[in-house]
Every structure is written in C-alpha cells, then in structure tokens.
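Below you'll find the structure, written out as structure tokens, and then a few comments.
The values are calculated or read from the model by the stated rules, or taken from the named source; none is laboratory data. Since the model is a prediction, treat every value here as computed from it, not as a measurement. Note that each Cβ is placed from the backbone with ideal geometry, even for glycine, and that neighbours are counted across all protein chains shown.
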C-alpha cells in the first residue's frame with residue numbers, strides 16, 4: 001500500500017518544522033509494529049508564486065500600480081507499506097488524521113493507493 005501525504009504552506013520554516021515532527025511521529029508509530037516493512041521518502045516540490053497587480057487609482061494614473069506575491073511551498077511524504085493488515089490500517093488511518101490536525105498553518109492531504 002502506498003500512502004502519499006502532501007503538505008503545503010505559505011511559510012517555509014513552519015512547513016519544515018511540522019513535516020519533521022510528522023516524520024518523527026510516523027517513524028515511532030511504524031516501529032511499534034515489527035511485522036510491517038516500510039519505505040519512507042521525503043521530497044520537496046518547487047514553490048509556486050502567484051503575483052497580483054492592484055491599481056492604486058481606478059480612474060486616473062493608470063501607471064500607478066502595486067504588485068504583491070504569494071508563495072506556496074510544498075513537500076511530499078510517501079510511505080510504501082507492506083504486510084499491513086486491516087486492524088493496523090484502522091489505527092494508522094486514525095493516527096494520520098490526528099497528526100494532520102495537530103499541525104497548524106499547513107494544509108495536508110492524504111491519499112492511499114493499494115498495490116495489487
């Protein structure tokens with residue numbers, strides 16, 4: 001089973017801190033089950049920049065403009081888990097949603113893919 005956790009934030013330092021905490025908690029949780037074989041990887045995605053242009057005066061002074069930018073930083077954690085039985089899966093699912101709710105200021109999405 002492949003679990004992909006995508007975390008996004010506007011603050012890079014906050015994202016790094018929360019992703020490292022999440023990785024530590026996942027490692028502790030997975031090492032509590034000795035029969036489970038896992039492969040854990042972390043990847044940093046390129047940042048996305050959105051630029052907004054606002055006119056200072058709507059009718060006169062068309063050249064008077066201000067520009068603002070909004071950067072979004074992203075990281076992906078992928079877990080390849082084998083020998084995962086259904087009771088462990090229930091606890092792991094609850095654990096991931098608990099970890100997701102702890103981190104403030106970042107948005108986490110969790111996706112599951114089952115290997116056949």
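Could you say whether any residue in the range 32-55 is surrounded by 14 or more Cβ atoms within 10 Å (Cβ to Cβ), in contact with a helix residue (DSSP H, G or I) (Cβ under 6 Å, 6 or more places away or on another chain) and assigned to a helix (DSSP H, G or I)? There is no residue in the range 32-55 that is surrounded by 14 or more Cβ atoms within 10 Å (Cβ to Cβ), in contact with a helix residue (DSSP H, G or I) (Cβ under 6 Å, 6 or more places away or on another chain) and assigned to a helix (DSSP H, G or I).
Checked against (1) touching a strand residue (DSSP E or B) at 6+ places or on another chain (Cβ under 8 Å); (2) at pLDDT below 75; (3) within 16 Å of residue 21 (Cα to Cα), residue 76 meets all criteria but (2). Confirm whether residue 87 is at pLDDT below 75, over 23 Å from residue 6 (Cβ atoms) and assigned to a loop (DSSP other than H, G, I, E, B). Judged against the criteria, residue 87 is not a match. Figure legend. Inter-residue proximity from the range 91-109: first residues within 20 Å of residue 12 (Cβ to Cβ), second residues surrounded by fewer than 18 Cβ atoms within 10 Å (Cβ to Cβ) and at pLDDT below 75, beta-carbon distance below 6 Å, spacing 6+ or different chains. Indicated pairs: 108/100.
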